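The structure appears right after this line, and notes come after that.
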Amino acid sequence: MSVDDIFRRIAERSLSSNIFNDREVLRPDYIPNELPHRDEQISKVSSILAPIFRGERPSNVFIYGLTGTGKTAVVKYVLIKFEEYTSRFGKSSKYSYINCRYDDTTYRVLARLADSVGVRIPFTGLSTSEVFRRIISALDSLGVPLVVILDEVDSLVKKCGDELLYRLTRVNEELRKGKVTIVGITNDVNFIEGLDPRVKSSLGEEEVVFPPYDAVQLEDILSRRAIRAFKPGVLDDGVISLCASIAAKEHGDARRALDMLRVAGEIAEREGVCKVTKEHVLSARMEIEKDRVAEVIKTLPLHSKLVLLSLTIGGESRTTGDVYNVYRELCRYLNVDPVTQRRISDIVSELDMVGIINAKVVSRGRYGKTRLIKLNTDLDTLIRVLKEEERFEGIIKNFRSR
């Protein structure tokens, strides 16, 4: 089939999908009109931020919970409602949402914050102190409360330290009219403990913990979204409960459950069928898993990638010593200084911890103990991701052809 035929079929289906009414409803960043099973958390976050109505500064708040437990959705939902009510009662407030995994430097965070208060900042060229000065000036001119949401704030602190958090916690001392409240969102329940005591004392004034969803709650969430997302009758019996049960086993991740249901629908759509079945859900699970592993591999440092590359060459099970020998050979090929075998052993442990490999300690009798290392991910996916780095293409071709 030609490219023209493929695109024509896709275009025709996109005009009138047999599966979807609105697939965007299943996106993780979609904020519905109701958030079931999060009434307690919505109530607590709302109560903490309520002083905005009186023109007062609310307490800073830190929100903890595993991925997909509704942290970001609840905060955005509450702030959207706050905007509605403040405008209805003639009050004013602003909020700035910053995802610190993407805006992962101090300058980028400040630039995003400046934009939310109407200050244009160039991509480069200004000191952070100057950007801060302009933000403070704009806040005083506006004279309204500002809520700064730092989503995945642990990513920023790991990369840049906690100096920005310290400046933000002290910004109210420099303001005459405006007021700033910080809402931090993180998956790391021990995040606050690792901060400088100066930051810790003023940042974590209030805390809200989000528990994982169970299978029943996930099924209810998916059922409510599915009514709007899919055409009537396209979901086979058991599709929603299967998505919910798989996600519930993996820490109650609603984001993963929604992705699985959406991708299952998209697979059915690509096949040109009118029903989404359990088989589509299982295919979607495999597809999502491959994508997730690929993203992890892409972000690994060079020597971790070389360890993985070493595991694609040779037998199915390798000892740490075997991997190290192949790793050294790859380093010579790339003209890269190798790290020590002890460091390679640490890297193996790190890769084992994230689930990309499986490293099992075995006894060799009088020769002591060693670790047998196996890949715990799809080999084709691993090679495809590693090949995206030009310097690895020749290695993969030359070494794997031996």
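The helix-only estimate of mean residue ellipticity at 222 nm for the chain, built from DSSP H runs of length n ≥ 4 each weighted as -39500 (n - 2.57), is -16500 deg cm²/dmol after division by the residue total. Which is farthest toward the positive dipole end of the chain among Ile135, Pro122, His251, measuring Cα position about the Cα centre, with Cβ charges +1 (Lys, Arg) and -1 (Asp, Glu)? Comparing the listed Cα positions along the dipole, Pro122 ranks first.
Averaging the Cα positions of each part gives two centres, and for region 252-270 and region 72-101 these lie 28 Å apart. Shape analysis of region 67-129 based on the Cα gyration tensor places the equivalent ellipsoid semi-axes at 26, 19, 6 Å, largest first. Roughly what % of Cα-Cα distances in region 39-210 sit above 19 Å, to the whole percent? For region 39-210, the fraction of Cα-Cα distances above 19 Å is 54 percent.
If you take every DSSP beta bridge fully contained in the chain, what fraction is antiparallel? Give it as a percent rounded to 5. Counting DSSP beta bridges with both partners in the chain, the antiparallel share is about 30 percent.
Placing one identical point scatterer on every Cα of region 300-400 and ignoring solvent, what is log10 I(q)/I(0) from the Debye formula at q = 0.10, 0.15, 0.17, 0.19 Å⁻¹? Per q value, in the given order, log10 I(q)/I(0) is -0.25, -0.57, -0.73, -0.91. Applying both filters, DSSP loop and at most 16 other Cβ atoms within 10 Å, to the GluC sites (Glu not before Pro) of region 174-246 gives Glu205. For region 213-295, a simple Cβ point-charge model (Lys and Arg +1, Asp and Glu -1, everything else neutral) yields a dipole of about 220 debye relative to the Cα centre. Can you count the Lys pairs in region 213-295 with C-alpha separation below 22 Å, eight or more apart or on different chains? Lysine pairs meeting the criterion: 5. Computed from point charges on the beta carbon alone (+1 for Lys and Arg, -1 for Asp and Glu), the dipole magnitude for the chain about its Cα centre is near 700 Debye. Among the listed values (1) 20.4; (2) 26.3; (3) 22.5, the one computed from these coordinates for mean projected area of the Cα convex hull in nm² is (2). Close Lys pairs in region 92-209, defined as Cα atoms under 26 Å apart and 8 or more places apart or on different chains, number 7.
The numbers here are math on the coordinates, done by the rules we state, and not lab data. Treat the numbers as computed from the prediction; the structure is a model and nothing was measured. Backbone-built Cβ (ideal geometry, glycine too); neighbour counts: all protein chains shown.
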